[in-house]
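Notes for the one structure printed next.
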Amino acid sequence: QHVKMNAASEEFRKITMKVLVMQLSSVTIMDFVAYGGAGLGIAIAVLSEINHGLSPFAALFLILVAVEFFLPLRAFGSAFHVAMSGVSAGGKILSLLDRPDPVWGEGAVEGTALAVRNLSFSYDDHRNVLKNINMNFPEAGMTSIVGESGCGKSTVVNMLLGALRPQSGTVTVGGKPVESLSRENYYSHLAVVSHNTYIFNESVRANFMLADPSVTDEAIRAALQKVNLDVFIRENGGLDKIITEDAVNISGGQRQRLALAVNLVADKDIYIFDEATSNIDIESEAVIMANVRELAKRKSVIVISHRLGNVVPSDRIYYMEAGEVKESGTHDELMSKQGGYARLYSRQKELEEGYAEDAEKPEESHAENVEKPEEGYAKEPEEDTEASQKDPAATPEDNHAEVNA
């Protein structure tokens, strides 16, 4: 795999260098034409004044016109490259718009057990990013998909959502192919919490009502309490608190916990957590995973995570490499196999323990400095105390002066 990546990187480098050489050459030519033309115009104006009696005002006019005429050509060259980049980007956008939307049927969901059978998928019809995938997701329980970046986890999620359709194989819900279902009906059973879940620029209450128009304030507060946000919301405007654009007035961890609370109120049958704990604080991560484990007791919960510590309690774990399911089983079963999952888990654990040790060292050093002050500073108060005790004649004014000093 690394040989293919190196070959693709080298090809990309060569294409990039060709584009840069072309741009540099064209800019050089345009600079030569612009400055050369301006210089030639100035030279002709000066010679005409000297040899042919051209008036100074006319010569000055020709000099100014020559500069204003040729220099814009240089700007034209820069604009040309910008225009070509825009044409290329526009072509890509149009190609995406021309892609047909996934076709949906009219069927209704009768069961929420998901299954993937012999699924293969390619984005460009040349290289398969998923290869003969088989997975089962029961109606209740926690199922996790793990692996290194680029192994195909997010593509599997898009298949489960129906956003992408496989070249071969099937995705079924309750035994029915996803494409045979009504999208509205299927999505009424499904909730997704990702690492960038969008919170609308509305009040906290309005965000909950988008998930359930009939939700009560008591139900909202109960959901906020489950994710440890009830106190923060109550002290910062209550349920009428406005969440600004892109939720910039709350932290990343609070945004993720709020998104989870909204989806808890929605009370769906299938929950997909796609890197829901990515780039958030440890406290928020712990809160989210505690709710995930509680949900898994009665709902179908699918967890996609880079951090393998979060998937240890899963009922089943699928470990992927290069678009294939290499291993599956519980955490203990996969660790006993000593395969790719065990190696990745051990490597992550060693890194986390190393970070923890590095974080403790400064604290230990600070504690030693506090416990062992320099001897000179420890003795001085004793000497001062003894001196004051030996001088009974000292007046209150003298003692007050010493304290101020």
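The values are calculated or read from the model by the stated rules, or taken from the named source; none is laboratory data. Since the model is a prediction, treat every value here as computed from it, not as a measurement. All Cβ positions, even for glycine, are placed from backbone atoms using ideal geometry, and neighbour counts span all protein chains on display.
Of everything listed in (1) outside the structural domain of Thr330 (by TED's automatic domain parsing); (2) touching a residue at least 40 places away in the same chain (Cβ under 8 Å), the single unmet condition for Phe57 is (2).
Can you pull out the residues in segment 50-78 that are at pLDDT 75 or above and in a helix (DSSP H, G or I)?
Result: Ile50, Asn51, Pro56, Phe57, Ala58, Ala59, Leu60, Phe61, Leu62, Ile63, Leu64, Val65.
Of all residues being over 18 Å from Leu334 (Cβ atoms) and modelled with pLDDT under 90 in segment 125-151, which is nearest to the chain's Cα centre (by Cα)? Just the residue, please.
It comes out as Ser149.
Of all residues in segment 183-197, those satisfying the criterion of being assigned to a loop (DSSP other than H, G, I, E, B) and either within 15 Å of Asp269 (Cβ to Cβ) or without any contact (Cβ under 8 Å) to a residue 40 or more places away in the chain (or both) are Ser188, His189, Asn196.
Looking at this structure, is Asp332 free of Cβ contacts under 8 Å to residues at least 12 places away in the same chain, out of contact with any helix residue (DSSP H, G or I) (no Cβ under 9 Å at 6 or more places or on another chain) and in the same structural domain as Tyr186 (by TED's automatic domain parsing)? So Asp332 passes the test. Could you tell me whether any residue of segment 279-297 is within 18 Å of Ser149 (Cα to Cα) and crowded, with 19+ Cβ neighbours inside 10 Å? Within segment 279-297, none of the residues are within 18 Å of Ser149 (Cα to Cα) and crowded, with 19+ Cβ neighbours inside 10 Å. Screening the candidates Ala211, Ala163, Ala206 for the property of being aliphatic (A, V, I, L, M) and under 28 Å from Ala322 (Cα atoms) yields one hit, Ala163.
From Glu148, Glu218, grab the single residue that is surrounded by fewer than 19 Cβ atoms within 10 Å (Cβ to Cβ) and in contact with a His (Cβ under 9 Å, 6 or more places away or on another chain).
One residue alone meets the criteria, Glu148.
Listed by first and then second residue, the pairs linking a residue in segment 104-118 that is without any contact (Cβ under 8 Å) to a residue 24 or more places away in the chain to a residue that is assigned to a loop (DSSP other than H, G, I, E, B) and surrounded by fewer than 17 Cβ atoms within 10 Å (Cβ to Cβ), with Cβ atoms under 7 Å apart and 6 or more places separating them unless they lie on different chains, form an empty list.
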